1. Past 27 Å, Cα to Cα, is the threshold; run Lys152/Lys764; Lys286/Lys783; Lys423/Lys471 against it and keep the listed order.
2. Once amide H atoms are built 1.01 Å from N in the peptide plane, which residues 5 or more positions from Asp288, or in another chain, come under 5 Å H to H?
3. Once you have all Cα-Cα distances for segment 282-345, histogram them in 10 Å bins from zero and send the whole-percent values.
4. In the chain, with Lys and Arg counted as +1 and Asp and Glu as -1 at Cβ, which of these residues, Ala167, Leu599, Val551, has the Cα nearest the positive end of the dipole, that is, farthest along it?
5. So how do 146-159, 174-187, 661-674 stack up, highest first, on mean other-Cβ count within 10 Å?
6. For Lys120 and Asp640, calculate 0.36 nm times their separation in residues minus their Cα-Cα distance, and state this gained length in nm to one decimal.
7. From Cα coordinates alone, what are the radius of gyration and Dmax values for segment 259-382 in angstrom?
8. Along Cα→Cβ, 7 Å out, is where each label goes; now give me the distance between the ones at Ser34 and Thr474 in nm to one decimal.
Amino acid sequence: MKIAVALLASAALATLDPASLPAQARPADTVDPSLPTQLPRTAIPHHYALTVTPHAERLTFDGKLAIDLEVVKPTRELVLNAADLKFDSVSLRSAAGGAALTGQVATDADAQTATFTFPKMIAAGSYRLNIAYSGKINTQANGLFALDYKTKAGKDGRSLFTQFEAADARRFIPSWDEPDYKATFDLTARVPANEMAVSNMPAASSRNVAAGLKEVRFQMTPIMSSYLLFFASGDFGRIKKAAGDREVGIVMSRGNESKAQFALDAEAKILPYYNEYFGTPYPLPKLDNVAGPGQSQFFGAMENWGAIFTFEYALLNDPAITTEAGRQDIFAVEAHEMAHQWFGDLVTMAWWDDLWLNEGFASWMENKTTGHFHPDWGADIDRVGSREAAMGLDSLNSTHPVVQQVRTVEQANQAFDTIAYEKGQSVISMLEDFAGPDVWREGIRRYIAAHKYQNTRTTDLWSAVEAAGAKGLTTVATDFTTQPGIPLITVGQSQCVNGNTSVTLTQGQFSADRPQEVAADPQSWHVPVKASAGAATAQMLTNGRVTKVTVPGCGPLLINPGQYGYYRTLYTPQQVQTLAQRLPQLSGMDQYGLISNGLALSLTGYQPMQPGLDLLNAMPANGSAKVIQRTVGRWDDIYDRLAGDNAAQASIAARIVRDYGPRLRALGFTPRAGEPAVDAILRPTLIGTLGKYRDPTVLSEASRLFGAWKTNPDAIPGSLKSTWLSVIARNADGATWDAIHERAKATAGTVERTSLYQLLGRSKDEALARRALDLALTNEPGKTVSSGMITAVAGQHPRLAIDFVLSHLAQVNELIDISGRSRFMQRLAAASRDASLIPVLESYANANLAATDRKPIQQAVDRIRYESTQAGRIRTETAAWLAAHPTG
């Protein structure tokens, strides 16, 4: 590409005053040359000064950029990350003075780089790189992107936002777009004068310029990774609140201020709590959370430092559609993204191998914070649920260690998975329990204090916690984070001796799809195991295959009380029966942990279905609402596995109606003022499940409410609207589908409108599902809504959805974030146990994904293969159990 004349440095750069920053927040050479990189180690950026002018109406933007950098070895070339950018001019000037060198530009779309070649060798030293360029505004959440919506007045609106993690800052700013290249940023934006611009830092100045624009210059950021930079502009409102000596705010489309109050109140509570817990105060002047309409198939929120981005459905409490579960998710998302302001932003992983340091920790802190502020929400049950989700993936051959190997952009995008989040969270929960909460917190404080404004690796965290007093933690932590998989603790026959229970525990490895292979050659872990046989609990650390344990008391033996351990437990049949009899007296988290553990072992063939079903059946119908909600979900999973066996499915349906119908009648069909939050979550679960099983009472009420809703959109309480309409949509005929479609077209609220369009994809009727798929490829639903409709169809008709996507792959790819495309097919296959789908998925991967980037598809294949292999046994044994336990 031919280059134009050199540019002078932007005016914004002249205002840089590094002395105004805390010493550790100033630019410094923190790059570790031993880390993986996709760029040559020839230069290190210290400061970026960018002026950006978006042209929202034509989906383009212009940028003028000045980078202060250090050339560390003589070179004629500077190689930066750049994607979908066009360059007008490039020049380089030494900080010591002299003439600017004009650079020639060559871009590599596959490598996502731009190489600037200069007419002579550049000596080591300090320079300023000036770049004029332009780029495109995307319609999915990559780089700078646009989200369209209907205003409260029903008019078309468009707002702009950025999303850069993992590797999309390069679509907005030519940069060293890797986490270890930390720098400071000055951002200036030229936006319409009647719009609000938002970035990581507060605005330093604003002035009107030509063509109806204003120029907003933001304060300089502390040193940070490029993926944390943020910019948004639009017709926004903002509400704010003091949180100690900092200001927290929620930014949203104008007119939605009242819906943001719940999130703002949560933000103001959480920030002081984190300041105290982490021992290092939040360092930026303000913390905004910016709401965007629409959705992504890749993420729901992003922790940009000082300016979190969250889609509206996960941030705004809309009385027209937000459920109690959705309201609790708002708090959880706030807690998660705010935890990142320390773990991820202030202290950043050095490379994507250690992504779990960001995501696992934030997930753990989210759960801990929810339990702290809302102990009645059942966060302890959610913690067990996260562990079970992690084990579902970690039991497959295609799993990976928590600390994984990332070498391509696509691998970085795929790293955001259940292992990084839920296994990371579960391992941290276990390690905190091992160390003790006070020692663990002290270790976290030391870690943050020692590494703030820097990059770290996993071993830095273990060193800090062990130095705080957690002796032996590094050994345990290393086992669980550097090798994949799940320990299996097999419990031998126990004996009561002098008031104590003696038992032998044998360690192996649990695998869903390779049980014989891992039994022959299991991995080994140092496993913190707890056991109880009465009031007291014994704790030990396994070291080798066999561990002899003495537990105080001679009551029923329970391994892993509290459910902090990350391992499966295989009891003897008699021990299972004893625990099933005692299950009503256990805590909710132990009830759910036992049930989940037992079913996992039964469904994978480690034991027959009977022990798992006995534990599931032992859960009392009047038990904890949170556990009942999960228990009903477990029954429903088994119901789905019995598809085609009408008698067995009818038996499960009758059991659920018999056991939990009275619980629903006691709760009532409408929310009650002041009711426990867990009841408000259980109600929609019971309505949805009994509606699926065609319970006449539920179907009658659904029909009545739907008839009223067709003429009055407020006829169904907002917190139950999606629940009742889901019952209707599942059983819809053509006229019903059309009625929902008409209401979707007429609805202005973004979250409610999206929900209605997705309901169109949930019909059992294949012809209606096809109509939903065809509609998804039109412009009507919206660029970020259509992919959700396709996913909804896949819930009922996975093969139909996958065949449709493969037939329209280019069109569907335009409806998905670039960073989420390789995982979209995995999501569509999630409800399938059809082995005939395996070659279809493999063919897709071979044709569309590099050999290094096929892990999500392989995980889907591994799951389908083992579940289809076990299906016949599960059906036979479950039918026999149901026959032996009639409902009548």
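The values are calculated or read from the model by the stated rules, or taken from the named source; none is laboratory data. Computed from a predicted model, the values in this text were never measured in an experiment. Methodologically, a virtual Cβ is constructed for each residue, glycine included, from the backbone with ideal geometry; neighbour enumeration extends over all protein chains shown. Note: areas computed on protein heavy atoms with side chains; ligands, DNA, RNA excluded. Shrake-Rupley method; radii C 1.70, N 1.55, O 1.52, S 1.80 Å.
1. Lys152/Lys764; Lys286/Lys783
2. Residues meeting the amide H criterion: Gly249, Ala307, Ile308.
3. P(r) for segment 282-345, in whole percents per bin: 22, 52, 23, 3.
4. Leu599
5. 174-187, 146-159, 661-674
6. This chain segment gains 180.3 nm when fully extended.
7. Considering segment 259-382 through its Cα atoms, Rg and Dmax are 14.0, 43 Å.
8. 1.3
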